[in-house]
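Notes to accompany the following structure.
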Ligand SMILES: NC(=O)c1ccc[n+]([C@@H]2O[C@H](COP(=O)([O-])OP(=O)(O)OC[C@H]3O[C@@H](n4cnc5c(N)ncnc54)[C@H](OP(=O)(O)O)[C@@H]3O)[C@@H](O)[C@H]2O)c1
Ligand SMILES: *[C@@H]1O[C@H](CO)[C@@H](O)[C@H](O)[C@H]1NC(C)=O
Ligand SMILES: *[C@@H]1O[C@H](CO)[C@@H](O)[C@H](O)[C@H]1NC(C)=O
Ligand SMILES: *[C@@H]1O[C@H](CO)[C@@H](O)[C@H](O)[C@H]1NC(C)=O
Ligand SMILES: *[C@@H]1O[C@H](CO)[C@@H](O)[C@H](O)[C@H]1NC(C)=O
Ligand SMILES: *[C@@H]1O[C@H](CO)[C@@H](O)[C@H](O)[C@H]1NC(C)=O
C-alpha cells in the first residue's frame, strides 16, 4: 500500500542526508534492464539550421561514450532524428539500452494515446519503449492552431492513465510513469492504478532539491528522474531568476569540484545520483557528453552531502502554470507553497 503522499508531505520530518551511494556502474544491459542512473537528455537538441544532425549526433556520441539511456519526448520535435541513430547499422542492439519518451498534452484523450505512442515508436525506429511518461498532468484539446493551448476540461488524469496501462498490456512500452505531477495528482494515480507508475520525472537539482519529496518516492519504489539536473544551465531558464548566476560559476560548487578534482557539472551530477535520483543531462557536444558520464564514480562524504543540502535555493525554473492557465506543482517546496496542508488532515 502506498502511504498517502499528501499526508506524508505535511508531516515535518528531519531532512535525511541520503548517502547510500547508489553508484551503479554502467553494466551490460539485460532484457530486464532497470533504468540506468544517467541518461542523455534530448530537449533542445536541435536548432533551426541544424535540425538533423544535432540530435542524431548527440545520440551517436552518447552510445560511443557508453550511455545506455536516452530521455526523449514527442514534444521535443526531434524523435525522427534520434531514430536515425537508433536505426543506424552501428547502433547497439535494442535490448542493451533504455529509452524513455513522453505523451504530449494534446494526446491525452484515451483514443489518441496509442496513436501517439505508435508515432513515437515509428519516429524512433524502435519496436517498444522502456518507459512512457505522461509529460504533464494537463490535457489540451487536440487539433488547435499551432502554438495555441486550450485546456481540455473533460479528460482526466485517470482517463489517460487507463490508456497508458493498455500500452503496457500491448507490450508497446515496458513501463509507464508520470512527469511534473503534484503530490495530490500522484496520489490520485496511486489510489487507482492497476499498473502503477515506475517513475516520476520532475525538475530537481541543487537549487531545487525537494529532498522530502525525493525520499518519499524512494520509499514507495517510484524512481525519481531528475530533469534539468544541471540546475539553470538550460538557456531557456536564463530569465527566470536572473540573480542566480550559472551554477558553473557558483563559488560553493567551484570549491567543492576543485576539492574532488572534477568539473562542476560532474560534481552536480554525481550528487544527483548519490541522493538516489536518475540524472539526464542534455548536451549536443561530444566533449561534454563524455564529461557528464565521467560523474558516475564520484562520491561525497556525509558531511559534504549535508553542506550541499544547506545550499538549496528552492528555485523552480520550469513552470508553465501562467501560460497554460493551470496551477502546477501545488504543495511543493519551491517557495510558493511551502506550508501546504492536506485537506484531510
Ligand atoms: N519532463 C519534463 O517536463 C522535462 C523538462 C525539462 C527537461 N527534461 C529532460 O531533462 C533533460 C535535461 O534537462 P535540460 O535540458 O533542461 O537541462 P540540463 O541537462 O540540466 O542542462 C543542459 C544545458 O547545459 C549545457 N551543458 C551540458 N553539459 C555541460 C557541461 N558539462 N558543461 C557545461 N555546460 C553543459 C548544455 O549545453 P550544450 O548542449 O550546448 O552542450 C545545455 O545548454 C532534457 O534534455 C529533457 O530530456 C524533461
Ligand atoms: C500501435 O501499433 C501496434 C503494433 O503495430 C498495433 O498493434 C496497435 O493496434 C497500434 N495502435 C494504434 C492505436 O494504432
Ligand atoms: C506480451 O508479451 C508477453 C510476454 O512475452 C506475452 O505473453 C503476451 O502475449 C504479449 N502480449 C501481446 C498483446 O502481444
Ligand atoms: C518496495 O520494494 C521493496 C522490495 O521489493 C518491498 O519490500 C516494499 O514493500 C516495496 N514498498 C512499497 C511501498 O511498495
Ligand atoms: C585530477 O584529474 C585529472 C583529470 O582527470 C587527472 O589527470 C589528475 O591526475 C587528477 N589529479 C589528482 C591530484 O588526482
Ligand atoms: C567507473 O568505475 C568502473 C568500475 O571500476 C569502471 O569500469 C568505469 O570505467 C568507471 N567509469 C568512469 C567514467 O570513470
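Each value in this text was obtained by applying a stated rule to the coordinates, not by laboratory testing. In this text the structure is predicted, and so the values were computed from the model without any measurement. Cβ: placed from backbone, ideal geometry, glycine included. Neighbour counts: every protein chain shown.
Separation of the stretch 290-309 from the stretch 59-124 is 29 Å, based on Cα centroids.
DSSP beta bridges confined to the stretch 35-324 are antiparallel in about 5 percent of cases.
The calculated FRET efficiency for residue 260 paired with residue 77, based on their beta-carbon distance and R0 = 35 Å, is about 0.40. Computed from the C-beta positions of residue 145 and residue 307, the FRET efficiency with R₀ = 41 Å rounds to 0.25. The alpha carbon gyration tensor of the stretch 195-274 gives principal lengths a ≥ b ≥ c with a/c of 1.5 or higher and a/b no greater than b/c, which makes the shape oblate.
For the chain, adding -39500 (n - 2.57) for each run of n ≥ 4 DSSP H residues and dividing by the number of residues yields -10000 deg cm²/dmol at 222 nm.
Using a Gaussian network model of the chain in which every pair of alpha carbons under 10 angstrom is joined by a spring, one finds that among 235, 183, 197 the greatest mean-square fluctuation is at 235. DSSP bridge analysis restricted to the stretch 147-277 gives an antiparallel fraction near 10%, rounded to the nearest 5. Largest first, the extents of the alpha carbon coordinates of the stretch 35-324 on the three principal axes equal 54, 45, 35 Å. Comparing 185, 266, 153 in a Gaussian network model of the chain where C-alpha atoms under 10 Å apart are linked, the largest mean-square fluctuation is found at 153. With a ≥ b ≥ c taken as the square roots of the eigenvalues of the C-alpha gyration tensor of the stretch 236-334, please select rounded if a/c is under 1.5 and otherwise prolate if a/b is larger than b/c or oblate if it is not? Prolate, since a/c reaches 1.5 and a/b exceeds b/c. Under the rule a/c < 1.5 gives rounded, and otherwise a/b versus b/c splits prolate from oblate, where does the stretch 74-199 land using the Cα gyration tensor? Cα axes put the stretch 74-199 in the oblate bin.
Packing, taken as the mean count of other beta carbons within 10 Å per residue, orders the peptides 298-307, 222-231 from highest to lowest as 222-231, 298-307. Pairs of Cα atoms nearer than 8 Å and 6+ residues apart set the relative contact order; for the chain it is 22 percent.
Using R0 = 25 Å, the C-beta based FRET efficiency linking residue 171 and residue 193 works out to 0.85. From most to least packed by mean Cβ count within 10 Å, the peptides 215-221, 125-131 give 125-131, 215-221.
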